[in-house]
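Notes follow the structure.
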Amino acid sequence: MSLKVLTSLPALVLAAGFCGSVSAQTPAIFKDADIALGEKLIAEHKCAACHATKVGGDGSAIYKPQGRINTAGFLRGMVEQCNSTLNLGLFPEEVNAVAAVINRDHYKFK
């Protein structure tokens, strides 16, 4: 097979089909995240209310895409920090689910 064939659009599309289920829009760290679970946990633990006490308003100012959270891994780590600091008792897959929702709604890391 020649390099020209491998770099053609159909070859790239075909190859992408064999790379797993990770969307180009979703960081690999969140590929198996349960979004519905993350949304439920965010509501149950009243994350927005806690954030509002820290930054005012509706709490969304805590999400600063150009701030110190600049990768999907750092985002997941921050959610884990909240989990530990607040003794929420979330399992790793739950932390990942919450982080995936926050990424979808605020950070949009690729």
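Cβ-Cβ distances below 8 Å connect the following pairs, each with a first residue in segment 82-106 that is without any contact (Cβ under 8 Å) to a residue 24 or more places away in the chain and under 17 Å from Ala49 (Cα atoms), a second residue that is surrounded by fewer than 15 Cβ atoms within 10 Å (Cβ to Cβ) and of a type outside the set (Val, Ile, Thr), and a separation of six or more residues or different chains: Asn83/Gly89. Does Glu80 qualify as being touching a helix residue (DSSP H, G or I) at 6+ places or on another chain (Cβ under 7 Å), under 17 Å from Lys40 (Cβ atoms) and modelled with pLDDT of 95 or more? No.
Residues in segment 81-110 that are assigned to a loop (DSSP other than H, G, I, E, B) and in contact with a Cys (Cβ under 8 Å, 6 or more places away or on another chain): Leu86, Leu88. The residue pairs whose first member lies in segment 52-63 and is buried (at least 16 other Cβ atoms within 10 Å of the Cβ), whose second member is part of a helix (DSSP H, G or I), and whose beta carbons are closer than 6 Å, counting only pairs six or more residues apart or on different chains, are Gly59/Ala48; Gly59/His51; Gly59/Ala52; Ile62/His51; Ile62/Val55; Tyr63/His106.
Of all residues in segment 61-80, none are over 15 Å from Phe30 (Cβ atoms), under 17 Å from the mean Cα position of the chain (by Cα), assigned to a helix (DSSP H, G or I) and not hydrophobic (A, V, I, L, M, F, W, C). The set of residues in segment 44-59 that are under 19 Å from Glu80 (Cβ atoms), not in a loop (DSSP other than H, G, I, E, B) and not basic (Lys, Arg) comprises Glu44, Cys47, Ala48, Cys50, His51. Summed over segment 55-76, the residues that are among the charged types (D, E, K, R), modelled with pLDDT of 90 or more and in contact with a Phe, Trp or Tyr (Cβ under 9 Å, 6 or more places away or on another chain) give a count of 1. Condition check for Ala33 on (1) out of contact with any Lys or Arg (no Cβ under 7 Å at 6 or more places or on another chain); (2) in a helix (DSSP H, G or I); (3) surrounded by 17 or more Cβ atoms within 10 Å (Cβ to Cβ): one failure, at (2). When only residues in segment 89-107 that are surrounded by 17 or more Cβ atoms within 10 Å (Cβ to Cβ) and more than 11 Å from the chain's Cα centre (by Cα) count, which is farthest from Gly38 (Cα to Cα)? It comes out as Leu90.
The values are calculated or read from the model by the stated rules, or taken from the named source; none is laboratory data. Worth saying up front: this structure is predicted, and the values here are computed from it rather than measured. Using ideal geometry, Cβ is built from the backbone for each residue, glycine included, and neighbour counts are taken over all protein chains shown.
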